[in-house]
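Any read-out appearing in this document is the output of simple, stated calculations on the displayed coordinates, not a laboratory observation. Just so it is clear, the structure is predicted and the values come from calculations on it, not from any experiment.
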Amino acid sequence: SPLLRRGSYKVSYRELGLVSFGGLRGAVSLIMSMMVVHSHGIGPHVRDRVGFWVASTVAITLFVNGCLCGVVAKALGLLDEHVCKQKLLDVAKSRLQVATAKALYDCSLMPQMQGANWDCVRAYLQLKVGAADAPDAARSADH
C-alpha cells in the first residue's frame, strides 16, 4: 500500500480495496500447484489430486470474484463518473466514430469492395456520421 501510494499515480484506499478483493489469490496457488504437479519426487496420484483441487478452487474463486467485482467497485464508489472524465470519453468516442466513418468511406471507394452492402455495415456499426459525410467530418474533427 505505501509503495503504491508513493508512485506517480496516487492509488486511493478504495482502489486498494478493489485490488485486494480481486487480488492474486488464484495465481500464487496455481503456480505453487504446478510446482507440485511437475515434481517427479511426488507420486502421480498426489500430483493429479493437487492439480485438480487447486485448479478447481482457482476457477471457483475467479468466478465468484468476477461476479462480485462490479458490486464491490460500486459499493466502494469507484464507478461514479466525473463530468470531465465523461466529457473526455465522449470526445474520444466521437473521434473514433469519425475515424471509422472515414475508413468506411475510403473502403467504399475501393474497387474490390464495391459489392459490399454499405448500408448494412453502417447500420451494424451504428455510426452517427454517415460514410458520405466522413471526409468533411474528419476535417472538422482535426480542427
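Table for the structure above
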read-out	value
Cα shape, region 58-120, gyration tensor, a/c 1.5 rule	oblate
Residues of type lysines that residue 74 reaches as a straight line, Cα spacing below 27 Å, ignoring anything fewer than 8 places off in the same chain	10, 85, 87, 93
